[in-house]
1. State all residues of the range 284-297 that are open to solvent by 30 Å² or more (accessible area, probe 1.4 Å) and in a helix (DSSP H, G or I); if no residue qualifies, say none.
2. For Gly113, indicate whether it is in contact with a Lys or Arg (Cβ under 6 Å, 6 or more places away or on another chain), more than 22 Å from Gly199 (Cβ to Cβ), of a type outside the set (Lys, Arg) and open to solvent by less than 20 Å² (accessible area, probe 1.4 Å).
3. Asn326 fails exactly one of the following numbered conditions: (1) over 20 Å from Phe57 (Cβ atoms); (2) surrounded by 13 or more Cβ atoms within 10 Å (Cβ to Cβ); (3) without any contact (Cβ under 8 Å) to a residue 60 or more places away in the chain. What is the number of that condition?
4. Which condition number in (1) closer than 27 Å to Asn91 by Cα; (2) of a type in the set (Asp, Glu); (3) surrounded by fewer than 18 Cβ atoms within 10 Å (Cβ to Cβ) is the one that Asp197 fails?
5. Select from the range 349-393 the residues that are more than 22 Å from Asp45 (Cα to Cα), at pLDDT below 95 and surrounded by 14 or more Cβ atoms within 10 Å (Cβ to Cβ) and list them in ascending order.
6. I need a count of the residues in the range 233-255 that are open to solvent by 50 Å² or more (accessible area, probe 1.4 Å), over 30 Å from Ala172 (Cβ atoms) and touching a residue at least 24 places away in the same chain (Cβ under 8 Å).
7. Out of the range 200-215, which residues are open to solvent by 60 Å² or more (accessible area, probe 1.4 Å) and in contact (Cβ under 8 Å) with a residue 40 or more places away in the chain?
Amino acid sequence: MQQESALEGIKVLDLGRVIAAPYAAAFLADMGAEVIKVEVPGIGDDARQYLPLNGYFANFNRSKKGITLDLKKGKEIFLKLVKEADVLIENFRPGVMAKLGFGYDELKKINPGLIYCAVSGFGQTGPMSQTAGYDPLIQAMSGIVSITGHPGEEPVRCGAPLCDILSAVNAAYGVVCALQYRSRTGKGQMIDIAIVDQGIFVQASTNQFYLSERKIPQRLGNGYAAGAPGGLYHAKDGYYMFAGSGDAAWKKISVAWGKPELAEAPDYKDRTARTTNRIAVDKMMNDWSADKTVEECIAFFKGLKLACGPVLDAEQVYNDEHFGKNGVRQMFTSVNVDGVGEIEITNQAVKMSETNPVVRCAPPKLGQHNFEVLAELGYSEAEITAFKEDGII
């Protein structure tokens with residue numbers, strides 16, 4: 001179905017590597033921006049070598065054009081690209097771009113409307129700005145690992161690269177906000193995305209226990225910090241997740257169990273009491289469902305109009321009729337990679353009625369669009385060939 005693209009006409013230079021910055025650029029590309037991925041000649045983004053091969057790189061670099069450029073040798077070319085760009089996204093260690101002569105303060109002199117988005121582990125300033133930051137480390141230092149896992153057992157990290165992905169989302173969000181500001185004022189700006197900030201940001205609800213009561217959040221396994229019952233429970237053939245810790249929900253459950261007195265019992269009558277007595281509440285839930293199937297448990301709670309669902313693995317999510325590859329939400333899509341064939345990747349999580357994002361093309365081969373992009377800058381075929389022979393591109 002033909003429809004408009006929200007960011008058509010916007011040009012983005014993507015100097016990012018691996019996940020956070022490239023994924024942010026991919027979001028913008030899916031929204032219609034022209035994204036030019038700039039990679040090191042002969043080497044490219046490290047993600048090209050990450051497992052699973054081809055699929056990893058494709059997921060974070062779909063919908064883009066790709067060129068190679070040695071930033072030290074090709075300064076003139078790079079500055080021409082910057083002059084025509086609306087947005088630049090990079091995730092070098094803070095200070096690297098400035099040493100090359102490409103810091104924001106220098107680039108805004110030739111392009112005052114440039115939106116410069118820098119993604120780094122710990123931000124552009126501060127005592128830790130030069131510290132390398134990878135998602136597992138960031139999860140540990142932001143507090144996520146401390147609250148993940150079961151009581152009395154060692155802490156664990158979230159299996160997904162949560163902080164990297166959220167950094168990409170907020171980088172793209174910041175860019176779109178900056179574009180709106182520029183449309184009113186003509187002014188570009190610098191966006192400083194620290195991956196560690198995202199780890200702290202995503203814990204807004206659990207952090208509040210410390211901020212409000214100076215209580216340090218603890219590991220609760222699959223329990224729900226804000227109330228009980230809530231969390232993962234056992235059925236005879238598997239597990240289900242229940243999220244309904246309010247007083248009205250507890251009353252419904254008590255009545256349906258044939259034990260209305262539980263709704264008024266001092267240990268369970270309100271959210272605070274049930275949370276204090278979480279172990280007893282969880283035991284009641286597990287005892288009730290021990291002889292039932294997951295399907296029966298879900299049907300019971302849905303009958304009470306309470307939130308409950310199964311624990312799905314990647315295959316089950318992929319095949320789900322609601323959000324799977326062929327489901328209503330279509331959270332998986334495909335790209336056709338030259339020499340490899342069709343590769344399935346995760347789709348956009350934003351759905352829009354008029355400017356819905358779509359994966360527009362496969363990721364670029366290393367340097368695939370060198371001639372096209374440089375010709376648009378005014379370079380002749382002979383000049384571009386010479387750049388290639390000199391290792392500039």
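The values are calculated or read from the model by the stated rules, or taken from the named source; none is laboratory data. Just so it is clear, the structure is predicted and the values come from calculations on it, not from any experiment. Backbone-built Cβ (ideal geometry, glycine too); neighbour counts: all protein chains shown. Ligands, DNA and RNA are excluded from the accessible area calculation, which covers all protein heavy atoms including side chains. Shrake-Rupley method; radii C 1.70, N 1.55, O 1.52, S 1.80 Å.
1. Looking only at the range 284-297, we keep the residues that are open to solvent by 30 Å² or more (accessible area, probe 1.4 Å), and these are 284, 286-288, 290-293, 295-296.
Of everything in the range 284-297, those that are open to solvent by 30 Å² or more (accessible area, probe 1.4 Å) and in a helix (DSSP H, G or I) turn out to be Met284, Asn286, Asp287, Trp288, Glu295, Glu296.
2. It is true that Gly113 is in contact with a Lys or Arg (Cβ under 6 Å, 6 or more places away or on another chain), more than 22 Å from Gly199 (Cβ to Cβ), of a type outside the set (Lys, Arg) and open to solvent by less than 20 Å² (accessible area, probe 1.4 Å).
3. It is condition (2) that Asn326 fails.
4. With (1) closer than 27 Å to Asn91 by Cα; (2) of a type in the set (Asp, Glu); (3) surrounded by fewer than 18 Cβ atoms within 10 Å (Cβ to Cβ) applied to Asp197, the lone miss is (3).
5. Within the range 349-393, Val350, Thr355, Asn356, Pro357, Val358 meet the criteria.
6. Going through the range 233-255 one residue at a time, the tally reaches 6.
7. Once the filter is applied, which keeps residues that are open to solvent by 60 Å² or more (accessible area, probe 1.4 Å) and in contact (Cβ under 8 Å) with a residue 40 or more places away in the chain, the range 200-215 yields Ile200, Val202.
The rows are residues; the columns are (1) within 23 Å of the chain's Cα centre (by Cα); (2) assigned to a strand (DSSP E or B); (3) of a type in the set (Val, Ile, Thr); (4) over 22 Å from Leu69 (Cα atoms).
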position: Val335; (1), (2), (3), (4): yes, yes, yes, yes
position: Glu342; (1), (2), (3), (4): no, yes, no, yes
position: Ile345; (1), (2), (3), (4): yes, yes, yes, yes
position: Val350; (1), (2), (3), (4): yes, no, yes, yes
position: Pro357; (1), (2), (3), (4): yes, no, no, yes
position: Arg360; (1), (2), (3), (4): yes, no, no, yes
position: Pro363; (1), (2), (3), (4): yes, no, no, no
position: Leu366; (1), (2), (3), (4): no, no, no, no
position: Phe371; (1), (2), (3), (4): no, no, no, no
